[in-house]
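**Q** Structure in structure tokens, see below.
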Amino acid sequence: MIDSNKTFDDILMYDELEKYANTEGKRFKLWHCLSKAPKDKEWKYTEGHLEKKIMEEHFYAAHDRNTATFLCGPPGLIEKAAVPALKEMGFKEGKSLFGF
């Protein structure tokens with residue numbers, strides 16, 4: 001899961017997601033991407049905008065038949081950044097790529 005937000009305070013269920021990723025690391029990978037990293041917290045994740053390189057580094061491969069990508073978010077982010085990059089990576093709409 002890549003959770004892309006503007007600020008740390010915009011992340012929903014941060015503690016729960018971190019806990020789940022730590023206990024289910026073989027089945028669930030988590031990566032946060034913030035437009036602006038917090039200055040008052042140590043930040044090990046990406047600072048900047050979501051881009052193909054981040055998805056390539058942190059998603060399971062598209063050719064893995066057990067992989068699907070589900071998108072939720074602002075239309076601009078999905079239509080202009082996520083979907084084009086995911087298609088380049090081999091994800092196919094309606095088969096392994098789904099938007100809401």
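The values are calculated or read from the model by the stated rules, or taken from the named source; none is laboratory data. Predicted, not measured: the structure shown is a model, and the values here were computed from it. Note that each Cβ is placed from the backbone with ideal geometry, even for glycine, and that neighbours are counted across all protein chains shown. Ligands, DNA and RNA are stripped out before the accessible areas are found, and what is left, the full protein with its side chains, is counted by its heavy atoms. Shrake-Rupley method; radii C 1.70, N 1.55, O 1.52, S 1.80 Å.
**Q** Name the pairs whose Cβ atoms lie under 8 Å apart, with the first residue in the range 70-82 and in contact (Cβ under 8 Å) with a residue 60 or more places away in the chain, the second open to solvent by 30 Å² or more (accessible area, probe 1.4 Å) and in a strand (DSSP E or B), and 6 or more positions between them or separate chains?
**A** From residues that are in contact (Cβ under 8 Å) with a residue 60 or more places away in the chain, the pairs are Gly73/Ser4; Leu77/Ser4.
**Q** Quick one: count up the residues across the range 47-90 that are of a type outside the set (Asp, Glu), modelled with pLDDT of 90 or more and more than 18 Å from Asp3 (Cβ to Cβ).
**A** 4
**Q** Select from the range 25-53 the residues that are open to solvent by 40 Å² or more (accessible area, probe 1.4 Å) and either outside any loop (DSSP other than H, G, I, E, B) or closer than 22 Å to Phe91 by Cβ (or both) and list them in ascending order.
**A** Residues satisfying the conditions are Lys26, Arg27, Phe28, Lys29, Trp31, Glu47, His49, Glu51, Lys52, Lys53.
**Q** Answer yes or no: is there a residue in the range 67-74 that is under 18 Å from Leu12 (Cβ atoms), among the hydrophobic types (A, V, I, L, M, F, W, C) and surrounded by 12 or more Cβ atoms within 10 Å (Cβ to Cβ).
**A** yes
**Q** Sticking with this structure for a sec: Consider Ala21 carefully, then state whether it is assigned to a loop (DSSP other than H, G, I, E, B), modelled with pLDDT of 95 or more and open to solvent by less than 70 Å² (accessible area, probe 1.4 Å).
**A** No: the conditions fail for Ala21.
**Q** While we're here: Hey, could you check the range 83-100 for residues that are outside any loop (DSSP other than H, G, I, E, B), open to solvent by less than 40 Å² (accessible area, probe 1.4 Å) and in contact with a Lys or Arg (Cβ under 9 Å, 6 or more places away or on another chain) and say which is farthest from Ile54 (Cα to Cα)?
**A** Leu97
**Q** What's the number of the only condition in (1) among the hydrophobic types (A, V, I, L, M, F, W, C); (2) touching a residue at least 40 places away in the same chain (Cβ under 8 Å); (3) in contact with a Ser or Thr (Cβ under 6 Å, 6 or more places away or on another chain) that Cys33 fails to meet?
**A** Unmet for Cys33, out of (1) among the hydrophobic types (A, V, I, L, M, F, W, C); (2) touching a residue at least 40 places away in the same chain (Cβ under 8 Å); (3) in contact with a Ser or Thr (Cβ under 6 Å, 6 or more places away or on another chain): (2).
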